[in-house]
Amino acid sequence: QVQLVESGGGLVQPGGSLRLSCAASGSIFSISTMGWYRQAPGKQRELVAVITSGGTTTYADSVKGRVTISRDILKNTAYLQMNSLKPEDTAVYYCNAVVTITGRAYPWTYWGQGTQVTVSS
């Protein structure tokens, strides 16, 4: 099995910054994409950013220029650096990874439990 553990959420003032981390552990053979999604109260979960094993990144229009996704392949960890945070960035942020488990031929998508980000003065 695979576990994804997020950390780094919290309360920040508008204009502030946060860095989220997502560490994957378990019987991991390889990870293709890792990503961050968020869900605000009363809204659907939406993509924030994803990064492939080759380093290609994709961002939601709402966060472009303010957010950077990165990953450490050796540590099976992804990061989300968020700057110039706005109240509308308030949400639970979920980590996502497409993982091939050792001994299996096909990948599976795993989710973390989520970490709360609140942007408020």
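The values are calculated or read from the model by the stated rules, or taken from the named source; none is laboratory data. Being a predicted model, the structure only gives us computed values, none of them experimental. With ideal geometry, Cβ positions are generated from the backbone for all residues, glycine too; neighbour counts draw on all protein chains shown. Calculation scope for accessible area: heavy atoms of the full protein, side chains included, ligands and nucleic acids excluded. Shrake-Rupley method; radii C 1.70, N 1.55, O 1.52, S 1.80 Å.
General observations
- The residues in segment 100-119 that are of a type in the set (A, V, I, L, M) and outside any strand (DSSP E or B) can be counted, and the count is 1.
- From the options Ser84, Ser25, Ser120, residue that is under 21 Å from Val12 (Cα atoms) and in contact with a strand residue (DSSP E or B) (Cβ under 8 Å, 6 or more places away or on another chain): Ser120
- Residues (in contact (Cβ under 8 Å) with a residue 24 or more places away in the chain and touching a Ser or Thr at 6+ places or on another chain (Cβ under 9 Å)) located in segment 51-72: Ile51, Ile69, Arg71
- Restricting the search to strands (runs of 3 or more DSSP E) fully inside segment 1-99 and requiring at least 3 residues that are open to solvent by 30 Å² or more (accessible area, probe 1.4 Å) gives 2-7, 18-26, 28-39, 46-51, 57-59, 67-72.
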